[in-house]
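Worksheet for the structure shown next.
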Amino acid sequence: MEVKLLDLQEQYLPIRHEIRGAIDEVCDSQALILGPHVEDFERKLAAYCGTKHAIGVSSGTDALLCALMAIGIKPDDEVICPSFTFFATAGSIARLGAKPVFADIDPRTFNLDPARIEPKITRRTKAILPVHLFGQLADMEAINEVAARHDLVVIEDAAQAIGARRHGKPACGHALAGCLSFYPTKNLGAFGDAGAICTNDDALADTCRLLRVHGSGHQYHHKLIGGMFRMAAIQAAVLNVKLKYLDQWHEGRRRNAKLYDELLGDSSVATPTIDEGNWSIYNQYVIRVSDRDDVRRELADRGIGTAVYYPIPLHLQACFSYLGVQNGSLPETERACRDVLALPIYPELTEEQVRYVAAQIRDIVR
């Protein structure tokens, strides 16, 4: 049996006519950048995330960059973030000339460990950028408590967590702002790059809207130095169609995750731990396993697609060598990079496929 890590065609084909119709509307209108389709999506996205504002931008990376610019991050500032995350988290900090300061993760959830944050704070620290990794929220109550004690801004990197909740409150509503990615492999994926910033703060929303068009509220009048972070209307049209199905897709992922939990629960692999109060949307279903690379090769030989998120921590990437963070300094992060393995979890998987994957893992890992 072949089981792909992800099969976007399975998602697309049932709603193909809706999506093509939405794209045709944009083509016919020739309102291709921002405009009514983006505004409609922003309204619906804000309602979905429970925030006053949603600002559509060109990618999840640009959402982070724009949000950090909006809170005034500048050269020599420090922003605390995890090292076990996609590059954009720390890369966006560094692009502004600021210093990413890496803190270790909670080994149960892979999210930033609040207890590891305070020792990293200096007089240069301006913000904390926690990541809601693999679809479940970080411990935002504890992180916000640390931030409040030191007068720091918190921005949520919710690129993998749209629709996830903590104690009933959705991602993007636990801090000053939350940043989303609509990269095609996300639970809500565009037909290319797109992202958004969600916030309840009116002033921040106004600033982000200016920054996404080179700081210009009116043609050729620039209040700020921004970037070109605009969302394309075709992406908004696609996302408007898909947003209607997002909760249904979340439930499919959660159903598959529950079955994996049952089938692998008494095995020697470690299945995901979901914090009390968290409702995960399982952007990834990540197990921990010894001899990970050997297990992955064996699964590939049996027709099963997997992925490693992430094989190299950011603090050991060549481009961040100037920070001087040594191997061994973030032990939980480094251990996770050695033993994590993402299994197929997309909602269109059949029960037979999930059972096949679990059976092969149990056969390999004895």
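The values are calculated or read from the model by the stated rules, or taken from the named source; none is laboratory data. Note that the coordinates shown come from a computational prediction; the quantities given were computed from them, not determined experimentally. Note that we place each Cβ from the backbone using ideal geometry, even for glycine, and neighbour counts take in every protein chain shown. Note: areas computed on protein heavy atoms with side chains; ligands, DNA, RNA excluded. Shrake-Rupley method; radii C 1.70, N 1.55, O 1.52, S 1.80 Å.
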(request) Having 2 or more residues that are under 27 Å from Lys169 (Cα atoms) is the bar; report the helices (runs of 4 or more DSSP H) wholly within segment 1-51 that clear it. (result) 35-49
(request) Inspect all residues belonging to segment 58-75 and state whether any of them is farther than 30 Å from Asp104 by Cβ and not in a helix (DSSP H, G or I). (result) yes
(request) Quick one: Pro311 ticks every box in (1) over 19 Å from Ser268 (Cβ atoms); (2) touching a strand residue (DSSP E or B) at 6+ places or on another chain (Cβ under 7 Å) except a single one, so which number is it? (result) (2)
(request) Would you check if Ala342 is within 16 Å of Thr271 (Cβ to Cβ), outside any loop (DSSP other than H, G, I, E, B) and either without any contact (Cβ under 8 Å) to a residue 40 or more places away in the chain or open to solvent by less than 10 Å² (accessible area, probe 1.4 Å) (or both)? (result) yes
(request) Hey, could you check segment 264-281 for residues that are in a loop (DSSP other than H, G, I, E, B) and closer than 17 Å to Ala358 by Cα and say which is most open to solvent (accessible area, probe 1.4 Å)? (result) Asp266
(message) Looking at Cys179, Cys172 in this structure, which one is touching a residue at least 24 places away in the same chain (Cβ under 8 Å), open to solvent by less than 10 Å² (accessible area, probe 1.4 Å) and assigned to a strand (DSSP E or B)?
(response) Cys179
(message) Would you confirm whether or not segment 27-35 contains a residue that is open to solvent by less than 30 Å² (accessible area, probe 1.4 Å) and β-branched (Val, Ile, Thr)?
(response) no
(message) Quick check on this structure: which one of Leu96, Leu129, Leu112 is open to solvent by less than 10 Å² (accessible area, probe 1.4 Å) and either free of Cβ contacts under 8 Å to residues at least 40 places away in the same chain or more than 22 Å from Ala70 (Cβ to Cβ) (or both)?
(response) Leu112
